[in-house]
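The values are calculated or read from the model by the stated rules, or taken from the named source; none is laboratory data. All figures in this text were calculated on a predicted structure; none of them were measured in a lab. Cβ atoms come from the backbone with ideal geometry, glycine included; neighbour counts cover every protein chain shown.
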Amino acid sequence: METIAAIATPLGTSGVGMVRLSGPQSVPIAARMVRTGRDIETMKGYTGCYGRVFDGEGDIDEAVVFVYRAPHSYTGEDAVEFCCHGGPYLLRHVLRRCLELGASPAGPGEFTRRAFLAGKLSLTQAEAVMDLISSTGRQSAAAALAARDGSVYRAIHELCGTLVHAAAELAAWVDYPEEDHEAVFTAELCGTLRTVREQLAELLRTAERGALVRDGVLTAIVGRPNVGKSTLMNRLTGEETSIVTDEAGTTRDVVECRVDVGGVPLCLWDTAGLREACGKVEAAGVARARQRLERAQLVLAVFDGSAPLEEEDLSLLRALAGRPAVGVLNKADLGGGMGETVRAHLPETVCLSALTGEGMEQLEESLLRVLALDSLETGAAVLAGERQCACAGRARDLLGEAIGALEAGVTFDAVGVLLDDAIDALLSLTGERAGEAVVDEVFSHFCVGK
Ligand SMILES: Nc1nc2c(ncn2[C@@H]2O[C@H](COP(=O)(O)OP(=O)(O)O)[C@@H](O)[C@H]2O)c(=O)[nH]1
Ligand SMILES: [Mg+2]
């Protein structure tokens, strides 16, 4: 096995930067490039020392050197980490020294790939490492961390175990059928397959919510002019993001900003007030507002809660039928009580004052409920990425076919084939039976040094 080396931190100027080595020659290479008071070759795992990294021409940088001994390292191999100063020149120079002494440059994700091949983690756990690195909010980080701990692996492994058991019984039945009990056997098998299929379907539904949490929810703030959309935008971003005035038609372009609300990243769009516009510019703004309203995954529909509803308010309410939307009765500080019609259309409606901030916590709760994210428990298994979802989807569909075949009285042999294919799909998901192409594809998305 080759010894690999890579810079593991971004190539910018920073306090500290890291170069890592993994493979049998890691420790001997480190011993030849670091001057220190200790004998690096005999250092135990999980120990470190201070020294100077040098090459044929002299010292390069100071470094703290950590030694890991197989199998107790990320990759399962002997490994070394050099924590140097985070200057791109220094890090490249230290890396070059590792390569001169016999290491090969690591490919994308090669450290994690070695961990996978050494059996230190499943394929879903490896994918979770990348998801964890790229997580954008508390909820997506929690889901990725749980997957890193094996939540997805365990969930799929258990379903797979149930199917393997069912397939074994089916095979035994084909060899030794008991004519009298065939109906009972078929019904029981159908029941088992239905349960597994439903659990896969539930995992796929959760995955959709997981994707929202990971990628950010496209959220349009809409309503007629002057109801306080831009004030709400600014309240949510905590800054003067949008211009606020008491003139109708202030906002024309779509103002965008990303915020974290209750652990969920929202991509907020503040838009022009919906009305028959007065001028060319405002009309263009209203057209943009309507486009965003179409595209949004979540709508914050703002109304002036202190005044009677107008025709524009009612037409907005009608347009929102069946969409994920929260009604916002704004200007609660001016007194309210106009909310009945809005509530009748939008069950999740909150009274608040964007100006004073009162009621903002309820907005957060409503929003999580509308997105069905309030029930997403931390630690739950959340399938991540197209690959995982495609495997789970294939297994679910194959089970559907198997159930259909059983109900239609197709031969047990044929059902057995479908079951085997479903098991294959799940084993490919966890990586227990994934082809090299699949494994390559997974790690090609990783960064170098991870
Ligand atoms: N009293 C009160 N006034 C508000 C509130 N929200 C916004 N306003 C005022 O309403 C006017 C229009 O606000 P703006 O955010 O520009 O509305 P937009 O046209 O919907 O974007 C401004 O004068 C704001 O100060 C609120 O919660 N209470
Ligand atoms: Mg505005």
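Quick notes on this structure:
- Evaluating S366 against the criteria (1) within 16 Å of ligand 1 (Cβ to nearest atom); (2) out of contact with any Phe, Trp or Tyr (no Cβ under 9 Å at 6 or more places or on another chain) leaves one unmet condition, (1).
- Residue match in the range 136-149 (condition: farther than 14 Å from T378 by Cα and over 13 Å from the mean Cα position of the chain (by Cα)): no
- E340 passes every criterion in (1) at pLDDT below 95; (2) closer than 24 Å to L132 by Cα apart from (2).
- Taken over the range 317-337, residues that are within 12 Å of ligand 1 (Cβ to nearest atom) and either modelled with pLDDT of 95 or more or in a helix (DSSP H, G or I) (or both) amount to 7.
- Restricting T136, T162, T112 to residues that are under 29 Å from A211 (Cβ atoms), in contact (Cβ under 8 Å) with a residue 24 or more places away in the chain and buried (at least 22 other Cβ atoms within 10 Å of the Cβ) narrows the list to T112.
- Counted residues, the range 244-259 - those being β-branched (V, I, T), part of a loop (DSSP other than H, G, I, E, B), surrounded by 13 or more Cβ atoms within 10 Å (Cβ to Cβ) and near ligand 2 (Cβ under 10 Å from one of its atoms): 3
- Selection from the range 62-108 of residues that are hydroxyl-bearing (S, T, Y) and either part of a strand (DSSP E or B) or within 32 Å of the chain's Cα centre (by Cα) (or both): Y68, S73, Y74, T75, S104
- Hits in the range 232-242 - residues which are farther than 14 Å from E256 by Cβ and either in contact with a Leu (Cβ under 6 Å, 6 or more places away or on another chain) or away from ligand 2 (no atom under 13 Å from the Cβ) (or both): G238
- Here E188 qualifies as in a helix (DSSP H, G or I) and either surrounded by fewer than 20 Cβ atoms within 10 Å (Cβ to Cβ) or within 16 Å of ligand 1 (Cβ to nearest atom) (or both).
- T36, sole failed condition from (1) free of Cβ contacts under 8 Å to residues at least 24 places away in the same chain; (2) of a type in the set (S, T, Y); (3) surrounded by 13 or more Cβ atoms within 10 Å (Cβ to Cβ): (1)
- Of all residues making up the range 358-384, the number that are buried (at least 16 other Cβ atoms within 10 Å of the Cβ) and of a type in the set (S, T, Y): 1
- For the range 260-276, filtered to residues that are assigned to a loop (DSSP other than H, G, I, E, B) and not acidic (D, E), the residue that is farthest from ligand 1 (Cβ to nearest atom) is G263.
- Going through (1) at negative phi; (2) more than 37 Å from the chain's Cα centre (by Cα); (3) among the small types (G, A, S) one by one, G58 falls short only on (1).
- So R197, is it out of contact with any strand residue (DSSP E or B) (no Cβ under 9 Å at 6 or more places or on another chain), assigned by TED's automatic domain parsing to the domain that holds A147, buried (at least 18 other Cβ atoms within 10 Å of the Cβ) and charged (D, E, K, R): yes
- G262 satisfies every condition listed in (1) in the same structural domain as Q388 (by TED's automatic domain parsing); (2) in contact (Cβ under 8 Å) with a residue 60 or more places away in the chain except (1).
- Scope the range 239-269; condition closer than 15 Å to P225 by Cα and of a type in the set (G, A, S); matching residues: S242, A248, G249
- Scanning the range 260-278 for residues that are within 16 Å of ligand 2 (Cβ to nearest atom) and either farther than 30 Å from T378 by Cα or under 16 Å from the mean Cα position of the chain (by Cα) (or both) gives D270, T271, A272, G273, L274, R275, A277, C278.
- Scanning the range 213-221 turns up no residue that is under 19 Å from A272 (Cβ atoms), within 16 Å of ligand 2 (Cβ to nearest atom), over 23 Å from the mean Cα position of the chain (by Cα) and part of a helix (DSSP H, G or I).
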